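Chemist: Handing you a structure now.
The values are calculated or read from the model by the stated rules, or taken from the named source; none is laboratory data. None of these values were measured; they are calculated from a predicted model. Glycine gets a Cβ as well: all are built from the backbone with ideal geometry, and neighbour counts include every protein chain shown.
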Amino acid sequence: MSLARKVDAALETSVVGSFTRVGYGVRRRVEHWEPPARLDGRVALVTGATSGLGLAYARGLAALGARTHLVARDRARAEAVRASLVEASGSPAVEVWVCDLASPRAVGALARELAAAVPRLDVLIHNAGAIASARAVRDGVETTVAVQLLAPYVLTEALRGALGAASPGRVILVASGGMYAEPFDLARLADLEGPFDGVRAYARVKRAQVVLARAWAHRWPADEVAVVALHPGWADTPGLERSLPRFHRILRPLLRRPDQGADTGLWFAGAPGAATLSGSFLFDRRPRPTERLARTRAADPRGDEERLLGWLAGLAGGLEGA
Ligand SMILES: NC(=O)c1ccc[n+]([C@@H]2O[C@H](COP(=O)([O-])OP(=O)(O)OC[C@H]3O[C@@H](n4cnc5c(N)ncnc54)[C@H](OP(=O)(O)O)[C@@H]3O)[C@@H](O)[C@H]2O)c1
């Protein structure tokens, strides 16, 4: 085993060392990471581009030369981000799409507009997400599910042709190491009545994102569309501070900067050989195990993938023409 692999493995076992900026800094040096590849002439879209990691992805994509589409729910903030990217990158090729991803109907409308307007899409980053403090339901779908699972499903399916035109189009689901705590559980994802715990609901959705990446990777040839889920590490963002204030306060000196959290996604966006990674759960530029606890192991992983796709297709079908 190389020294770099030994260092990586040692970090992996110490969750804090791995997920904080310590892990980022050590791996970057020991593994001699190159900067992410240029994306000139490519087209990228990122959701949740107004804050934290999404803003870092947007900045990175534009700086690497990609024509960049931003999806955000607040037009004024998105336009301010657009203006700052245009100024920093010198490229006018930044477009804004306004959509509240918690509204499945609005997502359906956005998907139709994007499919008509974007004939080729090289990179699609599903970044928008949050931990809900209480259950909210729109169009029959709980918000954590709507923003982080149904919206990625609807947008990706609508843009499947555009992604295929990029050969391979690359889809990134920004999941979380939080998913290690929960098994895949479709009944709980769909439950609108039982007790609600926002952190557990979030972890379940993140687990489901990992299952969704694998499901699409099994369905789609990787040289047409390569799909991964990833963990950005623990990054100092407004969302983290708001949703986990105590965790944020204690770990703040060790948290990654947003651009460090965005590194693996930006690397995958232009990495040669990305197709070989399709279906993986990435962290710090490598595929990682998807299980750390025996109790989260799936009895029938392929069945879970099919059931998840079927459920999401059913929810999406209910939106057609809406
Ligand atoms: N920070 C971490 O340590 C960490 C760790 C693991 C995973 N993640 C994941 O990384 C992603 C980004 O998180 P972050 O920490 O950067 O949080 P953040 O600072 O709160 O940014 C989240 C982004 O998502 C957008 N968003 C949320 N709900 C939306 C909705 N209904 N419609 C449209 N946009 C919506 C937000 O828009 P507004 O600006 O309008 O609120 C914001 O732009 C999330 O998926 C999160 O789960 C983060």
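Residue-wise test of (1) in the same structural domain as THR50 (by TED's automatic domain parsing); (2) more than 29 Å from ALA109 (Cβ to Cβ); (3) under 14 Å from the mean Cα position of the chain (by Cα); (4) surrounded by 13 or more Cβ atoms within 10 Å (Cβ to Cβ).
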| residue | (1), (2), (3), (4) |
| --- | --- |
| THR237 | yes, no, no, yes |
| LEU244 | yes, yes, no, yes |
| ARG249 | yes, yes, no, no |
| LEU254 | yes, yes, no, yes |
| ALA262 | yes, no, yes, yes |
| ARG285 | yes, yes, no, yes |
| ARG288 | yes, yes, no, yes |
| GLY303 | yes, yes, no, no |
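Chemist: Between a residue in the range 240-267 that is at pLDDT 95 or above and among the acidic types (Asp, Glu) and any residue that is part of a loop (DSSP other than H, G, I, E, B) and surrounded by fewer than 23 Cβ atoms within 10 Å (Cβ to Cβ), which pairs come within a Cβ distance under 8 Å, given they are 6 or more apart or on different chains?
Modeler: ASP263/TRP33; ASP263/PRO36; ASP263/ARG285
Chemist: Separate question: In this structure, does VAL7 turn out to be among the β-branched types (Val, Ile, Thr) and either within 30 Å of SER91 (Cβ to Cβ) or within 10 Å of the ligand (Cβ to nearest atom) (or both)?
Modeler: For VAL7, the condition - among the β-branched types (Val, Ile, Thr) and either within 30 Å of SER91 (Cβ to Cβ) or within 10 Å of the ligand (Cβ to nearest atom) (or both) - is not met.
Chemist: Out of THR47, THR20, which single residue is touching a Gly at 6+ places or on another chain (Cβ under 9 Å), surrounded by 15 or more Cβ atoms within 10 Å (Cβ to Cβ), among the β-branched types (Val, Ile, Thr) and farther than 21 Å from ILE125 by Cβ?
Modeler: So the residue among THR47, THR20 that is touching a Gly at 6+ places or on another chain (Cβ under 9 Å), surrounded by 15 or more Cβ atoms within 10 Å (Cβ to Cβ), among the β-branched types (Val, Ile, Thr) and farther than 21 Å from ILE125 by Cβ is THR20.
Chemist: Let me ask something else about it. Can you run down the residue pairs with Cβ atoms below 7 Å, 6 or more apart or on separate chains, where the first is in the range 155-167 and over 14 Å from PRO221 (Cα atoms) and assigned by TED's automatic domain parsing to the domain that holds GLU224 and the partner is in a loop (DSSP other than H, G, I, E, B) and of a type in the set (D, E, K, R)?
Modeler: So the pair list comes out as ALA162/ARG120.
Chemist: Okay, next question. Please verify whether the range 52-70 includes one or more residues that are without any contact (Cβ under 8 Å) to a residue 12 or more places away in the chain and under 25 Å from GLY129 (Cα atoms).
Modeler: No, because not a single residue in the range 52-70 is without any contact (Cβ under 8 Å) to a residue 12 or more places away in the chain and under 25 Å from GLY129 (Cα atoms).
Chemist: Okay, moving on. Being within 17 Å of the chain's Cα centre (by Cα), in a helix (DSSP H, G or I), in the same structural domain as SER167 (by TED's automatic domain parsing) and within 14 Å of the ligand (Cβ to nearest atom) is true for just one of ALA269, ALA208. Which residue is that?
Modeler: The conditions single out ALA208.
Chemist: Just to be sure, is ALA229 crowded, with 22+ Cβ neighbours inside 10 Å and in contact with a Phe, Trp or Tyr (Cβ under 7 Å, 6 or more places away or on another chain)?
Modeler: Here the answer is yes, as ALA229 does meet what is asked.
Chemist: Suppose we filter VAL96, VAL46 for residues that are under 20 Å from ASP236 (Cβ atoms), in a strand (DSSP E or B), in the same structural domain as PRO253 (by TED's automatic domain parsing) and touching a Leu at 6+ places or on another chain (Cβ under 7 Å); which single one remains?
Modeler: Being under 20 Å from ASP236 (Cβ atoms), in a strand (DSSP E or B), in the same structural domain as PRO253 (by TED's automatic domain parsing) and touching a Leu at 6+ places or on another chain (Cβ under 7 Å) holds for just one of VAL96, VAL46, which is VAL46.
Chemist: Another question, then. Hey, any hits in the range 285-293 for a residue that's modelled with pLDDT of 95 or more, more than 12 Å from the ligand (Cβ to nearest atom) and farther than 20 Å from MET179 by Cα?
Modeler: No.
Chemist: Out of the residues in the range 39-85 meeting the condition of being polar (S, T, N, Q) and more than 24 Å from ALA165 (Cα to Cα), tell me which one is farthest from the ligand (Cβ to nearest atom).
Modeler: Per the stated criteria, the residue is SER84.
Chemist: Here's another thing I want to ask about it. Return a yes/no flag: does the range 172-186 have any residue that is in a helix (DSSP H, G or I), in contact (Cβ under 8 Å) with a residue 12 or more places away in the chain and more than 23 Å from THR264 (Cβ to Cβ).
Modeler: Yes, that holds for at least one residue.
Chemist: Could I ask something else about it? In the range 264-283, how many residues are polar (S, T, N, Q) and surrounded by fewer than 18 Cβ atoms within 10 Å (Cβ to Cβ)?
Modeler: 1
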